[in-house]
Amino acid sequence: MLLHVPDVLTADEVRRIRARIDAADWVDGNVTSGHQSARAKTNLQLPEDSDAARECGEAILAALARSALFFSAALPRQVYPPLFNRYGVGMTFGNHVDSAIRVHPPTSRRIRTDVSATLFLTPPEDYDGGELTIEDTYGTQGVKLPAGDLVVYPATSVHRVTPVTRGERTSSFFWIESMVRDDGERSLLFDMDMALVRLARDAKDHPSLVTLTGCYHNLLRRWGDA
Ligand code: NI
């Protein structure tokens, strides 16, 4: 399931994060690549152990904690500390699948990547190209979102970033180990949760709401790891 989560960051938060990371030192993006992706990738990245990456990553984690939509879609068990990348003119990241298990060197945390996430930090009108292109079950999806918006998609998907042809594209990217590792099960739970939210609004006294809410939690109990 590919989902757009709007307004994860406020405009003010985007400005503060951009000011902090734009002033930091960037390095070759291949520091986090596996063998296959290193061949496909030309971009810049903030070092994972830099103060700017750590502080801005924590601000993003705090913002994610406010988002009920993100929680429902990803059912996060742990979130990899957010990283930051930048594509200038001519930079690109060809087709690849993200590594299944990642270790965050500064903290030695190891997570299984079930869900991939990109948080856009540049307004789309400021650059051309740089489109996140994801091979989904239903075909190819091009994603280019307002600054402060997030996209989450299954980490099993083949995806790429098309070459930037004007301006610069700065984003945060990270992975989520979900309580529900299977994308199909996670998608069913998400659809059910969204339907329950609508029912609670439109028919809040209907007795079936209790039964259906119970079904949601009992499926989560069956499929999820806390
Ligand atoms: Ni990737």
To the nearest 20 debye, segment 130-226 has a Cα-centred charge dipole, built from +1 on Lys and Arg Cβ and -1 on Asp and Glu Cβ, of 160
In whole Å, what are the Cα extents of segment 63-160 along the three principal axes, biggest one first? 35, 33, 28
Which order do CYS215, CYS56 take when ranked by solvent-accessible area (1.4 Å probe, heavy atoms of all protein chains), largest first? CYS215, CYS56
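If we count every other residue with Cβ under 13 angstrom of HIS96's Cβ, Lys/Arg +1 and Asp/Glu -1, where does the sum land?
Result for the neighbourhood of HIS96: +1.
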With the 8 Å Cα cutoff and a minimum separation of six or more residues, the chain has a relative contact order in percent of 25
The farthest towards the positive end of the charge dipole of segment 136-226, of the residues VAL151, THR162, PHE190, given +1 on Cβ of Lys and Arg and -1 on Cβ of Asp and Glu, is THR162
Which semi-axis lengths, in whole Å and largest first, follow from the square roots of five times the eigenvalues of the Cα gyration tensor of segment 1-89? 24, 18, 12
I'd like the distance between the alpha-carbon centres of segment 56-103 and segment 133-150, rounded to an integer number of Å. 14
Under 17 Å from a point 7 Å along the Cα-to-Cβ line of ARG109: which residues of segment 37-70 have their amide N that close? 47-67
With the 1.4 Å probe rolled over protein heavy atoms, segment 72-131 has an accessible area per residue in Å² of 37
Rounded to a whole %, the carbon-and-sulfur portion of the accessible area of the chain at a 1.4 Å probe is 54
Send over the Kirkwood Rh of the chain, from the inverse of the averaged 1/r over different Cα pairs, rounded to one decimal Å. 18.3
Net charge (Lys, Arg +1; Asp, Glu -1) of residues whose beta-carbon lies under 15 Å from that of ALA52, ALA52 excluded, is -2
In whole Å, what three semi-axes, largest first, describe the equivalent ellipsoid of segment 98-226 built from its Cα gyration tensor (square root of 5 times each eigenvalue)? 33, 20, 13
Compute, for segment 32-158, the length of the dipole vector about the Cα centre, with Cβ point charges of +1 (Lys, Arg) and -1 (Asp, Glu) only. Units Debye, rounded to 20. 500
Would you be so kind as to identify all helices of the chain, as entire DSSP H runs, whose Cα atoms reach 18 Å or more along the helix's own axis and whose mean Kyte-Doolittle hydropathy is at least 0.0? 51-64, 208-223
For the peptides 204-212, 168-176, what is the packing order when you average, over each peptide's residues, the other Cβ atoms within 10 Å and list the highest mean first? 168-176, 204-212
In debye to the nearest 20, the charge dipole size for segment 1-77, taken about the Cα centre with +1 at each Lys and Arg Cβ and -1 at each Asp and Glu Cβ, equals 280
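The values are calculated or read from the model by the stated rules, or taken from the named source; none is laboratory data. The shown structure was predicted, so the numbers you read here are calculated from the model rather than taken from an experiment. In this analysis, Cβ positions are derived from the backbone assuming ideal geometry, glycine residues included, and neighbour counts consider all displayed protein chains. The accessibility values were calculated without ligands, DNA or RNA, using every heavy atom of the protein model including side chains. Shrake-Rupley method; radii C 1.70, N 1.55, O 1.52, S 1.80 Å.
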